[in-house]
1. Quick check on Leu87: is it surrounded by 14 or more Cβ atoms within 10 Å (Cβ to Cβ) and at pLDDT below 95?
2. Could you grab the pairs with beta carbons closer than 6 Å, sequence gap of 6+ or different chains, first residue in the range 7-22 and farther than 15 Å from Val62 by Cα, second one polar (S, T, N, Q) and surrounded by 14 or more Cβ atoms within 10 Å (Cβ to Cβ)?
3. Going residue by residue through the range 108-127, is there one that turns out to be out of contact with any Gly (no Cβ under 6 Å at 6 or more places or on another chain), part of a loop (DSSP other than H, G, I, E, B), closer than 22 Å to Asn6 by Cβ and at pLDDT below 90?
4. State all residues of the range 39-63 that are more than 22 Å from Gly101 (Cβ to Cβ) and surrounded by 15 or more Cβ atoms within 10 Å (Cβ to Cβ); if no residue qualifies, say none.
5. Sort out which residues of the range 47-63 are among the charged types (D, E, K, R) and within 13 Å of the chain's Cα centre (by Cα), and write them in order of number.
6. Quick one: in the range 1-17, of everything that is surrounded by fewer than 16 Cβ atoms within 10 Å (Cβ to Cβ) and over 13 Å from the mean Cα position of the chain (by Cα), which residue is nearest to Gly90 (Cα to Cα)?
Amino acid sequence: MHKSPNHNAQLRELLDLDNSRRGMKPKSSTFAATSQKIDALRGKLPTALLSHYDARRSRGKVPIAPVIKGVCRACHLSLPKGRVADLSRGDDAVQVCENCGAFIYMESEETTSLEPPMAATPKSKKRPLSKAK
């Protein structure tokens, strides 16, 4: 059976290359080499995925984000348990966060243990609004 390419890994690599190219001088040799890698990688991805990736990136949004402990790291909102179960099965299907629209993938366990836990924010007490007379 023919194995389909892992588009999630290609999208993550594209994001890493785009981010690394951002700080380079346009006339440097590393900029040109990185641009060639980006072009080659973009040639392997389907047009529909690229247009979604480019649209999110052009609006300054995170195009692809990991899911850690059931939470999308792009919007920091919990995903439905069914979506998390689909992601944990490990198939290479590209999934989209239902809350923010970013491409999502399940982060591996060894990477999640390196990140500090998210701190809980204290709840603020709301004061009743005073009526203007």
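1. The answer is yes for Leu87.
2. Listed by first residue and then by second, the contacts come to Arg21/Thr34.
3. Among the residues of the range 108-127, at least one is out of contact with any Gly (no Cβ under 6 Å at 6 or more places or on another chain), part of a loop (DSSP other than H, G, I, E, B), closer than 22 Å to Asn6 by Cβ and at pLDDT below 90, which makes the answer yes.
4. Within the range 39-63, none qualify.
5. Within the range 47-63, Asp54, Arg56, Arg57, Lys61 meet the criteria.
6. So the residue we want is Asn6.
The values are calculated or read from the model by the stated rules, or taken from the named source; none is laboratory data. For clarity, every value in this text was computed on a predicted model and none was experimentally measured. Cβ coordinates were reconstructed from backbone atoms using ideal geometry, including for glycine residues, and neighbour counts include every protein chain displayed.
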